[in-house]
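The values are calculated or read from the model by the stated rules, or taken from the named source; none is laboratory data. Predicted, not measured: the structure shown is a model, and the values here were computed from it. Positions of Cβ are backbone-derived with ideal geometry, glycine not excepted, and every protein chain shown enters the neighbour counts. Heads up: the accessible areas ignore ligands, DNA and RNA and are worked out on the full protein's heavy atoms, side chains in. Shrake-Rupley method; radii C 1.70, N 1.55, O 1.52, S 1.80 Å.
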Amino acid sequence: MTESYSPELDRLIDGYRRFRETGWSPNRERWATLRDGQEPEIMVIACSDSRVDPAQIFDVDPGEIFVVRNVAAMVPPFETTPGHHGVSAALEFAVQVLKVKEIVVLGHGMCGGCKAALTRELHGCEPGEGGFVADWIALLDDARGPVVAQYGTEGRAAERAMEQAGVRVSIDNLRTFPCIRRKERDGELKLRGAFFAISDGVLHVLDEDSGEFGPVS
């Protein structure tokens with residue numbers, strides 16, 4: 001029996017069939033090793049943007065990276081207030097259970113979340129009408145001031161500065177987690193900032209000493 005789905009889901013089903021033929025079947029040994037567990041050494045925190053898939057950018061196989069994606073690739077600071085702390089839970093699992101050796105925060109060009117943080121176009125919106133996004137990207141409020149002072153609120157220079165500032169904010173917030181701070185101090189964990197430019201496909205890595213992002217050759 002052939003079931004008819006929506007055109008959108010049909011595209012995914014077609015992709016699934018290609019995956020079964022070219023991704024699953026020829027790599028059965030690899031999948032067999034993943035059947036009982038995972039041992040990724042790297043966690044990547046990336047944006048939900050459909051154009052920025054960490055597995056594609058870094059050309060990795062299943063099981064190699066543990067990925068968390070959200071609006072603007074943000075990490076909130078450590079806090080114990082009641083609520084559903086999705087990013088914090090993922091960090092806890094990656095660091096304490098999987099014992100990853102490195103965490104990479106991957107920002108990117110043309111990020112809608114960072115642009116909204118810069119322009120504050122969603123400020124004052126009700127939850128469900130943009131308010132959830134506004135509350136989330138308020139994590140960038142402190143970083144916004146220096147960016148606006150130097151670049152204003154419009155243009156690619158301002159947007160890129162905000163995008164890269166977001167990576168720095170997330171790195172700083174990672175260090176507010178006691179388990180991360182302890183493991184970094186003991187040399188068991190490294191934190192990295194990176195930036196992928198959609199316009200030219202170039203990856204940049206943050207030099208924390210200078211605070212600048214340099215292209216990977």
With the structure loaded, tell me whether E159 is touching a Lys or Arg at 6+ places or on another chain (Cβ under 6 Å), modelled with pLDDT of 95 or more, at negative phi and open to solvent by 20 Å² or more (accessible area, probe 1.4 Å) or whether it fails that test. yes
Please enumerate the residues belonging to region 180-206 that are touching a Pro at 6+ places or on another chain (Cβ under 9 Å) and β-branched (V, I, T). V202, V205
Which of the numbered conditions does M110 fail, given that it passes all the others? Conditions: (1) open to solvent by 70 Å² or more (accessible area, probe 1.4 Å); (2) of a type in the set (A, V, I, L, M); (3) in contact (Cβ under 8 Å) with a residue 24 or more places away in the chain; (4) part of a helix (DSSP H, G or I). (4)
Subset of region 170-217, residues in a loop (DSSP other than H, G, I, E, B) and of a type in the set (A, V, I, L, M, F, W, C), comes to F177, L189, I198, V216
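Which of the residues spanning region 22-50 are surrounded by 10 or more Cβ atoms within 10 Å (Cβ to Cβ) and either in a helix (DSSP H, G or I) or more than 24 Å from the chain's Cα centre (by Cα) (or both)?
T22, G23, W24, S25, N27, R30, W31, T33, L34, listed by residue number.
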Looking across region 54-68 at residues that are surrounded by 14 or more Cβ atoms within 10 Å (Cβ to Cβ) and without any contact (Cβ under 8 Å) to a residue 24 or more places away in the chain, the single one that is farthest from V133 (Cα to Cα) is V60
Going through (1) over 30 Å from E188 (Cα atoms); (2) open to solvent by less than 20 Å² (accessible area, probe 1.4 Å); (3) touching a Gly at 6+ places or on another chain (Cβ under 6 Å); (4) of a type outside the set (S, T, N, Q) one by one, V147 fails only at (3)
